[in-house]
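Derivation of every value follows stated rules applied to the coordinates shown; laboratory data play no part. Values in this document were obtained by computation on a predicted structure and should not be read as measured data. In this analysis, Cβ positions are derived from the backbone assuming ideal geometry, glycine residues included, and neighbour counts consider all displayed protein chains.
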Amino acid sequence: MTDRNPDHETPPTATGRVGHPLLTTEAVQRRLGRRRRQEWRFQAYCLVAIGLALGFLLLLFSDIVRKGWQGFRQTEVTFEIFFDPEQIDPTGERDPEVLAAADYAPLWREPLREILGDVEGRRERRAAYGLISSGAVFDLQQMVMADASILGSTQSVALPMSDATDLMMKGKISRDLPEEERPLTDQQLAWLDQLRAEGLVHIAFNTRFLSSGDSRSPELAGIAGAVMGSFYAMVVTLLLAFPLGVATAVYLEEFAPQNNRWIDLIEVNINNLAAVPSIVYGLLGLAVFLNFFGLPRSAPLVGGLVLCLMTLPTIIITGRVAIKAVPPSLRQAAYGLGATPLQVVRDHVLPQALPGILTGTIIGLARALGETAPLLMIGMVAFIVDIPEGPLSPATALPVQVYLWSDSPERGFLEKTSAAILVLLAFLIVMNGAAVWMRRRFQTR
Amino acid sequence: MFIILLIAFLLVLSSVAYRVGVKRALSVGGGSARALHSLPAYHGLYMVCWGLLPALALIVVYLSVAPTLIERTIVASLPLELQAEGPQRELLLSDIESLAVGDVASQAGEVARQAAELLKSVRHRSMMGLAAICLVLGVGGAAFAHRRIELQAPAIHRVEGAVKALLFLASLVAVVTTLGIVLSLVFEAFRFFGKVSVVEFLCGREWSPQTALRADQVGSSGTFGAVPLFAGTLLISGIAMLVAAPIGLLSAFYMAEYAKPRTRSMLKPLLEILAGIPTVVYGFFAALTVAPAIRGWGEQWGLDVASESAMAAGLVMGVMIIPFVSSISDDVISAVPQGLRQASLGLGATRSETIRRVVFPAALPGIVGGLLLAVSRAIGETMIVTMAAGLTANLTANPLEAVTTVTVQIVTLLVGDQEFDSAKTLAAFALGLMLFLVTLIFNVIALTVVRRYREQYD
């Protein structure tokens, strides 16, 4: 603002002396041109700013989709597997314990060796087995455990291939790299080509990613455990935060005495709580819920409690706005008919304000679903294979799973991380979409 | 489990009480509700209030007090040499716990087995006691209410009073939360400052919280000078604001001054998506896409860039807070009275001249408030820096080096560590207290500025 515009320095006077150097036609034209260019430049800056922000959004999404879409796919190899009863259940009693403890590895190793042909010596064999995931035995074991009658028959089974094979097949690792920089040796590559030539290898939809818990091997890891952990935490959050939030909003809008110092204190409090960094809520959860009340570590229950305290201000603030928007004439009419204050709230104010309150609740829940930092504080950040059975069993949450995987050194987890992010974003998009839809309906009323 | 059963029982009891209350009210009113002051349903609810609420309150008190009391009883029963606080006692207690629940514990000794028996019996007795008192409270309360059902009894007002009291209690949760935050942070930070002086914490330039396992190791004490953390936080937040402030402000000017309503209604939610993306996603993006890219560019220019540079974290954080700046600025700019704009335009000023010389100065206080809120967001942001910034303290102003921040240290100090009396874990709470205070001050100033600004134009 320091550049002095001559227009402002010497305003044209009434006498309008012709010949003043600032007022000749050319001078005015020149200035006008400059000012127009300035105007155009400023608009361009604004557009560039918006373009940068939106461009970044696009970059972020495309980068994650590019990295993550193949996380939903998995390289598999199909073998004709003979479920040898001699190997699995020599006694023939179909005792579940025997079935569970049996060694299933020979079942798939046999056909593999047969197809590859010339695999000699221990080291070569181990290299050949390395093409297939170590999780193959669990698949076979589960098939037998689910239906013991397949023993003695030959089945066509698709088994997951190892994470190195998977990356190779998806082209994430170039074949042209020197052998020592590749996870697969030349020999293994040749075998892989042999399997492909037989038409046994294919990339299929990865159901395991959506149905199983965490694993150290990328090709076996899934998000079901994390999703369930998030689900339990969200249920706890919703069950506590919704009634508490609505009750507070109703009290502050409808019943609280005006100009009361205590009520002001509560209001200031809520506004400040909305801006407290989320990690501080984590510290609160650690100090109060875990250390003072002795609740279990890593439990979705505690996660839900912490997230509830975090979402509460959002729900209260949007709830109050929604209640405030209910026309006073509705209340007056109800009072005029002899309704008591609570009857007015229950029968007239709340039904009118409900869409707005629900919108706020969904937005608050969506934020809670994406929150990671407080969950790290209360120990929901462990390697947990089992899918949690309830709000008290140890669990992680979806965003925490993203954090854990992004930290792990295996390359295969890169696409799993991005795929988990895609699932998380899908949940958030659905929730926010629901909120927008509800707001629209609310507004048209 | 037991508690759930107890609550279920109380619910059944109260549904019975409700029916009894309704029936009683009808019989008092001579078979119809006409003579009654309140509808029969309210008499029923009145009985429910008396039957349910005292018992529920008792259960809440039990749940919050009993675990601590029971643990104290168990500790008191242990031999004296095992009573001292420390990780060993924690281990023993968890052994006792799993023994009492029925899991097989690791190397359970005779002491643990006895304590487990005691724990079982104490628990059993306390639960039975709780159940008995709840039963008495429930039935007694309902009976008391039953006797108060009369023709003129104002049951509806009594019920509404109870509900209003409940609503008031709900609104106290916010206050209790703040109290909880302040008390837990202050309490643990106080313990920390008992071990490390305040001056060292606030002014020391050396941060290496790793305390050694044995006392005789070199550097066993750990040093807790937090200046490098504050500097790192400032550096990253500064970079973030350098990104967010111009982009956010210019976007806000565009949306408020140039864009047609239709464009604006599309742009605003699009920009707000940036605020809705989980921070862990930004962190992932910063660590795996932006940081390597910056490193690659740096190498092209012959610069030495750390793989976890402050630049990457700051840039991505800046993008995250763009919507905070743009949203608030947009509101504030739209609140500038139309007359100011029209006067300026009428004098022949161009749009951009009007914005820069009239609208911007008029909206400045509000914009500053919005920027302060964004700064407090940046300071408290955790996941981006945890994933993309460094772990080791480094006192530097070079954005291409790795620095660490307050929030990163809180996470690294507390994740995976379960003992709560070392200076190391307590330091996290001291840092948390600093974080809370600083963001609180920023927020209070920002909210006051924004509110004053609004009042000015209302």
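So if the hydrodynamic radius of region A:124-167 is defined as the Kirkwood radius over C-alpha pairs, what does Stokes-Einstein give as its diffusion coefficient at 10 °C and 1.306 mPa s, in µm² per second?
This corresponds to a translational diffusion coefficient of 136 µm²/s.
So if the hydrodynamic radius of region B:2-187 is defined as the Kirkwood radius over C-alpha pairs, what does Stokes-Einstein give as its diffusion coefficient at 37 °C and 0.692 mPa s, in µm² per second?
165
What is the projected area of the convex hull of the Cα atoms of region A:351-445, averaged over all directions, in nm²?
Average of the hull's projected areas for region A:351-445 equals 7.7 nm².
Placing +1 at every Lys and Arg Cβ and -1 at every Asp and Glu Cβ, with all other atoms neutral, what dipole size does region A:71-215 have around its Cα centre, in debye to the nearest 20?
480
How high is the relative contact order of region B:2-187? Use alpha-carbon pairs under 8 Å, at least six apart in sequence, and give a whole percent.
Relative contact order comes out at 34 percent.
Within straight cross-link reach of B:K195, meaning Cα distance under 26 Å, which lysines are found once same-chain residues fewer than 8 apart are removed?
Cross-link targets: B:K424.
Can you bin every Cα-Cα distance in region B:110-264 into 5 Å intervals starting at zero and give me the percent of pairs per bin, rounded to whole numbers?
Distribution as computed: 2, 6, 5, 6, 7, 7, 9, 9, 9, 8, 8, 7, 8, 6, 2, 0, 0 percent.
Give the share of C-alpha pairs in each 5 angstrom bin for region A:20-68, from 0 to the last occupied bin, in whole percents, shortest bins first.
Values per bin, smallest distances first: 5, 18, 12, 12, 10, 9, 8, 7, 6, 5, 4, 3, 2, 0.
When the helix-only estimate is applied to chain A (DSSP H runs of n ≥ 4, each -39,500 (n - 2.57), divided by the residue count), what is the mean residue ellipticity at 222 nm, nearest 500 deg cm²/dmol?
For chain A, the value works out to -19000 deg cm²/dmol.
Which ³J(HN,Hα) values in Hz, rounded to whole numbers, follow from the phi angles of region B:384-401 under the Karplus curve 6.51 cos²θ - 1.76 cosθ + 1.60, where θ = phi - 60° and Gly and Pro get x?
4, 6, 4, 8, 10, 9, x, 10, 8, 5, 8, 8, 8, 10, 7, x, 8, 8
Taking a temperature of 37 °C and a viscosity of 0.692 mPa s, what whole-number D in µm²/s does Stokes-Einstein yield for region B:263-372 with Rh from Kirkwood over alpha carbon pairs?
This corresponds to a translational diffusion coefficient of 197 µm²/s.
Can you list the residues, at least 5 places off or on another chain, whose amide H is less than 5 Å from the amide H of A:R297, using H built in the peptide plane?
For A:R297, no residues qualify.
What does the convex hull of the Cα atoms come to per residue for region A:71-215, in Å³?
Taking the convex hull of the Cα positions in region A:71-215, it is 126 Å³ per residue.
Place +1 on the Cβ of every Lys and Arg and -1 on the Cβ of every Asp and Glu in region A:20-68, take the dipole about the Cα centre, and give the residue among A:L57, A:Y45, A:L23 whose Cα lies farthest towards its positive end.
So the residue we want is A:L23.
List the relative contact order of chain B as a percent without decimals, with contacts defined as Cα pairs under 8 Å and 6+ residues apart.
16
For the protein assembly as shown, what does the convex hull of the Cα positions come to per residue, in cubic angstrom?
Considering the Cα atoms of the protein assembly as shown, their hull volume per residue is 262 Å³.
³J(HN,Hα) across region A:113-125 via Karplus (A = 6.51, B = -1.76, C = 1.60, θ = phi - 60°), whole Hz, x for Gly/Pro?
In residue order, the calculated couplings are 4, 4, 5, 6, x, 8, 9, 10, x, 5, 5, 5, 4 Hz.
If amide H atoms are built 1.01 Å from N in the plane of the peptide, which residues on other chains or at least 5 residues away come under 5 Å of the amide H of B:G225?
Long-range HN contacts for B:G225: B:E206, B:W207, B:S208.
Counting Lys and Arg as +1 and Asp and Glu as -1, each charge on the Cβ, what is the dipole of region B:316-458 about the Cα centre in debye, to the nearest 20?
The calculated dipole for region B:316-458 is roughly 660 debye.
Give the Rg/Rh ratio for region B:223-457, taking Rg as the radius of gyration of the Cα atoms and Rh as the Kirkwood radius, to two decimals.
Reported Rg/Rh, Kirkwood definition of Rh: 1.05.
Once amide H atoms are built 1.01 Å from N in the peptide plane, which residues 5 or more positions from A:I132, or in another chain, come under 5 Å H to H?
A:S162
Calculate log10 I(q)/I(0) of region B:221-275 for q = 0.14, 0.24, 0.29 Å⁻¹, where I(q) comes from the Debye formula with a single equal point scatterer on each Cα and nothing for solvent.
Each listed q corresponds, in turn, to -0.55, -0.93, -1.09.
Return B:Y282, A:Y335, B:Y18, B:Y46 ranked ascending by Cβ neighbour count within 10 Å, so the fewest neighbours appear first.
A:Y335, B:Y18, B:Y282, B:Y46
Hey, with R₀ at 60 Å, roughly what FRET efficiency would B:R123 and A:A190 work out to, going by the Cβ-Cβ distance, to 0.05?
Efficiency for this residue pair is about 0.40.
On average, how much area does the Cα convex hull of chain A cover when viewed from any direction, in nm²?
Convex hull of Cα atoms, orientation-averaged projection: 40.2 nm².
How many lysine pairs does chain A hold where the Cα atoms are under 17 Å apart and the two sit 8 or more places apart or on different chains?
For chain A, qualifying lysine pairs total 5.
Ranked by Cβ crowding within 10 angstrom, fewest neighbours first, how are B:M320, A:M145, A:M169 ordered?
The fewest-first ordering by Cβ neighbours comes to A:M145, A:M169, B:M320.
With all distinct Cα pairs included, what does the Kirkwood hydrodynamic radius of region A:198-296 come out to in Å, to one decimal, could you say?
Taking every pair of different Cα atoms in region A:198-296, averaging 1/r and inverting gives 18.2 Å.
Sum -39500 (n - 2.57) across every DSSP H segment of at least 4 residues in chain B, then divide by the residue count to get the 222 nm mean residue ellipticity, nearest 500.
Calculated from helices alone, the mean residue ellipticity at 222 nm is -25000 deg cm²/dmol.
Using the Karplus curve 6.51 cos²θ - 1.76 cosθ + 1.60 with θ = phi - 60°, work out ³J(HN,Hα) for each residue of region A:146-154 in order, rounded to whole Hz, and write x for Gly and Pro.
Running phi through 6.51 cos²θ - 1.76 cosθ + 1.60 with θ = phi - 60° gives 6, 8, 6, 6, 6, 4, x, 9, 10 Hz.
Sequence gap at least 6, Cα distance under 8 Å: using those rules, report the relative contact order of region B:223-457 to the nearest whole percent.
Rounded, it is 30 percent for region B:223-457.
Taking the Cα-to-Cβ direction at B:V176 and at B:E71 and moving 7 Å from each Cα, how far apart do the two end points lie in nm?
Once both label points are built, they end up 1.9 nm from each other.
Binning at 5 Å from 0, report for region A:224-444 what percent of all alpha-carbon pair distances ends up in each bin.
It works out to 1, 7, 13, 16, 16, 14, 11, 9, 6, 4, 2, 1, 0, 0, 0, in whole percents.
In what sequence do A:K67, B:K424 fall when counting other Cβ within 10 Å, fewest first?
Going from least to most buried by this count: B:K424, A:K67.
Give me the orientation-averaged projected area of the Cα convex hull of chain B, in nm², one decimal.
With the hull built on Cα positions only, its mean projection is 34.6 nm².
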